[in-house]
Structure formats: C-alpha cells, structure tokens
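The values are calculated or read from the model by the stated rules, or taken from the named source; none is laboratory data. On a predicted model such as this, the values are computed, not experimentally measured, just so you know. Because the Cβ atoms are built from the backbone with ideal geometry, glycine has one as well, and the counts that use them run over all protein chains shown.
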Amino acid sequence: MARKYEGRAVGIDLGTTYSCVAVWQEQHSRVEIIHNDQGNRTTPSFVAFSDDQRLIGDAAKNQTSANPENTVFDIMLWPFKVVAGVNDKPMITLKYKDQEKQFCAEEISSMVLTKMREVAEAYLQSPVKNAVVTVPAYFNDAQRKATIDAGAIAGINVIRIINEPTAAAIAYGLDKRSDFDGKRNIFVFDLGGGTFDVSILTINGDVFEVKATAGNTHLGGEDFDNRMVNYFVEEFKKKNKVDISGNARALRRLRTACEKAKRILSFAFVTTVDVDSLFNGIDFSSSISRAKFEEINMDLFNECMEIVASCLSDSKVYKSDIDDVVLVGGSSRIPKVQDLLQDFFKGKDLCKSINLDEAVAYGAAVQAAILSEGFKNVPNLVLRDVTALSLGIEANVECILDVVIPRNTSVPVKKTKRYSTAKDNHCSVPIKVYEGERARAADNNLLGSFFLSCLPGAPRGQPLDVCFSIDENGILTVSAKEISTGNMNEITITNDKERLSTFEIKKMIEEAETYHLEDQKFLRKAEVISGLDSCVYNIKNALQKKDVYSMLTYQESEKINNAITVAMNLLDKNNQQKEIDVLEGHLKQLNSMLENLKVKTG
Ligand code: AMP
C-alpha cells in the first residue's frame, strides 16, 4: 500500500507552453480544473522581468513582444540570453531592476509552479503543500529530479511524478471505463507545444498498465511555428532586402503572428499574417495556405509517425489490437497530423473527446487524490508505468553499454546483475551508469559514476553485483557490491551538470522568498497609487459642485488644493519620491479630506 500524504494534494500539468492545476472534488466525485486570477483554466508558462517587477503567467505573456529579452517562455527558443554556469549548467541571463541576474531552468520552472500553487490556494482557501506533477514521458532521470527540485524551490513537495500521456489516459479511462468490456488497449498521442510523447496502455478494471512509451522532448508546436517564422523571414528578405533573423523583438512578434496563423490553418485552408512595422518601420503582410504549412513541416510530422511505429513495436501490441487512439496536446489539432495518424491505424476513428488542454492535469489530480489522506470518494485505480530509456553500465573492456534495465520495463523495479573485474590487481572498479539505446556506452547519456574498492592483489574475474533500483517517480539508485570483500558503494544518480545541490536549492528558496516579497511590495504600491489617483479624481469632482467653495474656509480650500498638488507630484511617473510610507500617508490624508468634503457638501 502506497504511503498516504497529509492534506489535500493537487495535480499540476507543468507544460512547456501552458500549465494547468486541478483538484479532486469529493462532493461531485470528479476533478475540478481551477481557474487562475484572470479566469483562465490554463496559465501560460511564462516568466518576465521588467524594470520594476516580476510577472508570471498571463501578465508575463501579454508583455512578451515589448520585452522579449527578459521574458522566459519555452526553454527551447531562447531569445533571452543563455550562458554556461558552474559545471556548464545552462543559465538564463535576464535584466531585473537594471541589474543582470542569472537563473537556472529549475528556478524559472519553480516560479511557474509557485503561480500554480497560489492559483490552487486561492481556490481551496488553504495552503497547498503536496502535488503530483506531470512530465513528458521521455524526460530523463536528471530532468525528473530537476522537476522535484523546482517543486522544492516553490515550496511544493512533489509526491509523485507521472508521465503526461499516462495522466491523460487516466482522464480518458475514468471517463470511459464504465463502457469498457474487459481489457482495453489505448494508444495516447500527445503532441504539445515543445514535446511529443506516445504511450500504449492497457486498462483492465482498476489497473492502468503502461506497455510502452516513446517520444521526443524537443518536438512540438513551437517547431512548427519556427518553420513558419523561417519561411516568412526568407520572404521578408527577398521583398525588402533585409535580414531580420538577428532581431529578437521582430522575431518574437512574427512568431506570435505565425502561431495564430497555425491555429487558424487547423480549420481554414488559407490565412494571412500581418505585422505592423515589423522591422525599421516596414509593415509585413503575407498569406500562407494549409498545404504550404504542411509542406514545410512534413519531415517533422513524419518523425512523429516513426515514433508512433517504434512505440507500437516495443509494446508488442498489434496495431489491430489497439481499441482507442486518444489525442492529447494542442498540436494534435493539426489536420495533417490527424490524417497521418488515422492512416497509420487503417482509418480508425480518433478519440477527441477529452479536453486536450486539461486532460493531463485531470489525471494528475486523480493520482494526487489517491496518494493523499484529505479526500473522500476517490476512484480505485492502480497505475503501473514504465521506464522510457534503457539503463545500464559501461562494460569494462569493450566500452559497450551493458543494459541492466531495458526500456519499457514496469516501475518500480529492482534488478541485480553479476559482473567480474577485468584486470589483475584492481584496487577499485569504476561503475559508470548510462541511459540510452546506443551500443557504445559513450554515445549514451552518462548519468553518473562511482568507484567500488576491490580486494588488493586479487586476480581478474572477481565477482561483483550491480543493482539498479527505480522508484515510483522513475528515479534511479545504483549500488555495487564486491562479493569477496563485501565492499559496497551506491549512488542515487545525480547528474552534476543538471542537478542542484541541497545548498543551491536552499539558496534558491531564500531568493524565491525575496522575489515574492518584492512582488507583494510592488502590488501594494500599485494599489496605493491607484487609490491615490482615484481619490484625487473624486476630490476634484467634489470641488466642481456648485457653491462648494462657499462651504469651505479659505484655509480649508488652500489645504485641499495643496494636498492635490502634492498628490499629483507623487503620481508623476518622473518623480522618484515614491516611498510606500509617503504614498500611504498622503492617501490617508486625502481620504479624510474627501470624507469631510462629502459631509459638508451633502
Ligand atoms: P499544449 O502544450 O498541449 O498546451 O499545446 C500547446 C501547443 O498547441 C502550442 O504550440 C499551440 O500553438 C498548439 N495549438 C493549440 N491549438 C492549436 C490548433 N488549433 N492548431 C494547431 N496547433 C495548436
């Protein structure tokens, strides 16, 4: 029986383009997708820094065109500056309050997670400490750990990480399972903004078992947008003899227009793309047909289909045995993608019934409810997921990858394999752990390494056991034991390049708190300024009433006029005197004058 966590946990779909948070509603025995402060059910995964404030979500997205260098959106596109940090970790460089600041990806993700936590807390009216967070199925070990770190910085205990297509299948399966007659094979096709995932699951009563998963963490809607951007950059070059490819602002504005055009092409056959004063005052106006859009993206669409075929062959489920093909992710709305998929499954109808933008958070919320103590009427459901990549060690002499856990093995899992030392007089054996599908170890992703001490002076061939263990979150621990001496060593794989140390996380939590306080201070100030502005307006209005000056003494009217002048100065954007205490003090004084005026003038 899995451990139950205290309190009410939420499900968060932390997407590359949009994020969504949901919670189990016990009164209605269903999941509630939570609206954000703008009333939207999804929140853009955008973070921006302006001269005087930090913005997250809709507010950050809305100012992107004006401030592209200091807006972080999809981590793959990067008009913002990226530099190498400690251990070559990529750091994002942004300007905040006139100073250059560096952030790692986990910090940016943590800001989006903080926003989602706040959205949930506002709805539940209680603190949210625990969450199930979804990741693309093809995320590697280090990316999963980075997600847990991002949660920690945001003050969220990530109680489970689940794969996006699995979460979507939970949403689909729960909705439909009363109609299922026995075992059902489901193919989930999840093409989002930045990632592509496919999974094959078998739903049998309460058991949701993933059979195979495949994908590409760098393939999605933004790639299609980029192709269109490049197409129009070339067109602009031909027409106007200028290259805009080095201008972040122009590119960002063109990309926004292209993304809109792409969406339109999902239901129209042709559309226009217009951007006023795109570059050096030159307006851009052009059109693109659906056929052209398909042509410039065809290789990417075909890549999706190759991944579909490889997942099916890994799962050992016949194409004809797939009962439902379920579409998830905004980019699966593209008609050509749907046509190719339907052709692949020999004309089978595609299930479009689940909400593409919300299904993943829905599934995560169900899993969160199952894992927490705070809910009633939770559905029965057992989830069995698989590893996305093969895991193994470098076999000594040949330098090949010797696989201990093949990809698509059910997790949690623990496997031990016996090896032997390759040389005489080995003092210690290096154990290098890799993930990937290539034969030569060095062609795969090195996750980490450690040394195991051996019996001094022993001949080669000394036996040693290497044990791989993967927990429910897909996180790996590798241990090794030399049999003759009983010497042991183990690591929970930490990819130094991508993983943060406890010290770094602590530092970032403190910084997150500072940003939060600054955000609050900024909002408070904005509130007082707006209060001051409307108070001045109301007093001025009151003073326009007939005979009002006859009801005031000379001193009183002088005092009011002086107070208005001071307020106008404080409200002047060029005036630096904007200490919040001064503003609040003056607002108080003006408010009481306004009250007096109201009493006097009735
Ligand atoms: P997701 O990450 O699942 O929210 O997917 C977002 C991606 O879906 C973005 O790249 C959107 O541009 C894309 N998208 C949303 N709606 C459509 C549509 N109607 N046609 C094509 N792409 C779309």
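Quick one: in segment 202-220, which of the residues that are among the polar types (S, T, N, Q) and within 16 Å of the ligand (Cβ to nearest atom) is nearest to Ser315 (Cα to Cα)? First the steps, then the outcome.
Initially, segment 202-220 is screened for residues among the polar types (S, T, N, Q), giving 202, 204, 213, 216-217.
Then keep just the ones that are within 16 Å of the ligand (Cβ to nearest atom); that gives 216-217.
Working: Asn216: 17, Thr217: 20 Å.
In this case the residue turns out to be Asn216.
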Sole residue being more than 30 Å from Gly7 (Cβ to Cβ), buried (at least 20 other Cβ atoms within 10 Å of the Cβ) and among the β-branched types (Val, Ile, Thr), chosen from Ile400, Ile393
Ile393
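Could you list all residues from segment 139-160 that are among the hydrophobic types (A, V, I, L, M, F, W, C) and more than 16 Å from the ligand (Cβ to nearest atom)? Outline the logic, then answer.
Step one: filter segment 139-160 for residues among the hydrophobic types (A, V, I, L, M, F, W, C), giving 139, 142, 146, 148, 150, 152-154, 156, 158-159.
Scanning segment 139-160 gives Ala142, Ala146, Ile148, Ala150, Ala152, Ile153, Ala154, Ile156, Val158, Ile159.
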Which condition number does Ser530 fail, the rest of (1) farther than 18 Å from Gln53 by Cα; (2) surrounded by fewer than 16 Cβ atoms within 10 Å (Cβ to Cβ) being met?
(1)
Of residues in segment 1-39 being buried (at least 21 other Cβ atoms within 10 Å of the Cβ), assigned to a strand (DSSP E or B) and not β-branched (Val, Ile, Thr), the one nearest to the ligand (Cβ to nearest atom):
Tyr18
Among the residues in segment 463-472, are any outside the structural domain of Thr147 (by the TED database), without any contact (Cβ under 8 Å) to a residue 40 or more places away in the chain and assigned to a loop (DSSP other than H, G, I, E, B)?
no
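Yes or no, residue by residue, for (1) modelled with pLDDT of 95 or more; (2) within 11 Å of the ligand (Cβ to nearest atom):
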| site | (1), (2) |
| --- | --- |
| Thr256 | no, yes |
| Ser289 | yes, no |
| Asp299 | yes, no |
| Lys336 | yes, yes |
| Phe344 | yes, no |
| Ser353 | no, no |
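Does Thr195 fit the bill of being touching a Gly at 6+ places or on another chain (Cβ under 8 Å), crowded, with 22+ Cβ neighbours inside 10 Å and closer than 15 Å to Ser332 by Cα?
Details: touching a Gly at 6+ places or on another chain (Cβ under 8 Å): yes; crowded, with 22+ Cβ neighbours inside 10 Å: yes; closer than 15 Å to Ser332 by Cα: yes.
It is true that Thr195 is touching a Gly at 6+ places or on another chain (Cβ under 8 Å), crowded, with 22+ Cβ neighbours inside 10 Å and closer than 15 Å to Ser332 by Cα.
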Taking the residues in segment 161-181 that are surrounded by 17 or more Cβ atoms within 10 Å (Cβ to Cβ) and farther than 15 Å from Leu381 by Cα as candidates, determine which candidate is farthest from the ligand (Cβ to nearest atom).
Ile161
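One line per residue, one yes/no per condition, for (1) closer than 30 Å to Lys129 by Cβ; (2) within 16 Å of the ligand (Cβ to nearest atom); (3) of a type outside the set (Val, Ile, Thr):
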| site | (1), (2), (3) |
| --- | --- |
| Tyr362 | yes, yes, yes |
| Val378 | yes, no, no |
| Leu381 | yes, no, yes |
| Lys423 | no, no, yes |
| Arg438 | no, no, yes |
| Ala441 | no, no, yes |
| Pro459 | no, no, yes |
| Ser469 | yes, no, yes |
Here is a check on your reading of the model: is Ser420 surrounded by fewer than 15 Cβ atoms within 10 Å (Cβ to Cβ), farther than 28 Å from Ser199 by Cβ and either of a type outside the set (A, V, I, L, M) or in contact with a Pro (Cβ under 9 Å, 6 or more places away or on another chain) (or both)?
yes
Does at least one position in segment 352-361 carry a residue that is farther than 30 Å from Arg8 by Cβ and touching a residue at least 24 places away in the same chain (Cβ under 8 Å)?
yes
Sort out which residues of segment 151-160 are surrounded by fewer than 20 Cβ atoms within 10 Å (Cβ to Cβ) and either in a loop (DSSP other than H, G, I, E, B) or not assigned by the TED database to the domain that holds Ser320 (or both), and write them in order of number.
Gly155
List every residue pair whose Cβ atoms sit under 9 Å apart, with the two residues 6 or more apart in sequence or on different chains, where the first one lies in segment 222-234 and is assigned by the TED database to the domain that holds Thr17 and farther than 20 Å from Gly194 by Cβ and the second, anywhere, is of a type in the set (A, V, I, L, M, F, W, C) and within 12 Å of the ligand (Cβ to nearest atom).
none
Within segment 376-400, track down each residue that is modelled with pLDDT of 85 or more and assigned to a strand (DSSP E or B).
Val382, Leu383, Arg384, Asp385, Val386, Leu391, Gly392, Ile393, Glu394
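Mind checking which residues of segment 182-201 are touching a residue at least 40 places away in the same chain (Cβ under 8 Å) and away from the ligand (no atom under 16 Å from the Cβ)? If you could, list the steps in order and put the result at the bottom.
To start, the set of residues in segment 182-201 that are touching a residue at least 40 places away in the same chain (Cβ under 8 Å) comprises 184-200.
If the condition is that a residue be touching a residue at least 40 places away in the same chain (Cβ under 8 Å) and away from the ligand (no atom under 16 Å from the Cβ), then Arg184, Asn185, Ile186, Phe187, Ile200 are the ones that fit.
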Spot the failing condition for Arg407; the list is (1) assigned to a loop (DSSP other than H, G, I, E, B); (2) modelled with pLDDT of 90 or more; (3) of a type outside the set (S, T, N, Q), and only one is missed.
(2)
Within segment 309-334, residues within 22 Å of Gly220 (Cα to Cα), away from the ligand (no atom under 16 Å from the Cβ) and crowded, with 18+ Cβ neighbours inside 10 Å come out as Cys311, Leu312, Val325
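Does segment 334-342 contain at least one residue that is in a strand (DSSP E or B), polar (S, T, N, Q) and in contact with a strand residue (DSSP E or B) (Cβ under 8 Å, 6 or more places away or on another chain)? Before you say what the answer is, go through the steps one by one.
As a first pass, look at segment 334-342 and keep what is in a strand (DSSP E or B): none.
Looking through segment 334-342, none of the residues is in a strand (DSSP E or B), polar (S, T, N, Q) and in contact with a strand residue (DSSP E or B) (Cβ under 8 Å, 6 or more places away or on another chain).
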Ile264 fails exactly one of the following numbered conditions: (1) outside the structural domain of Thr202 (by the TED database); (2) away from the ligand (no atom under 12 Å from the Cβ); (3) without any contact (Cβ under 8 Å) to a residue 12 or more places away in the chain. What is the number of that condition?
(2)
Is it fair to say Asp357 is touching a Cys at 6+ places or on another chain (Cβ under 7 Å) and under 30 Å from Ser178 (Cβ atoms)?
yes
Exactly one of these conditions fails for Leu327: (1) outside any strand (DSSP E or B); (2) within 30 Å of Lys183 (Cα to Cα). Give me its number.
(1)
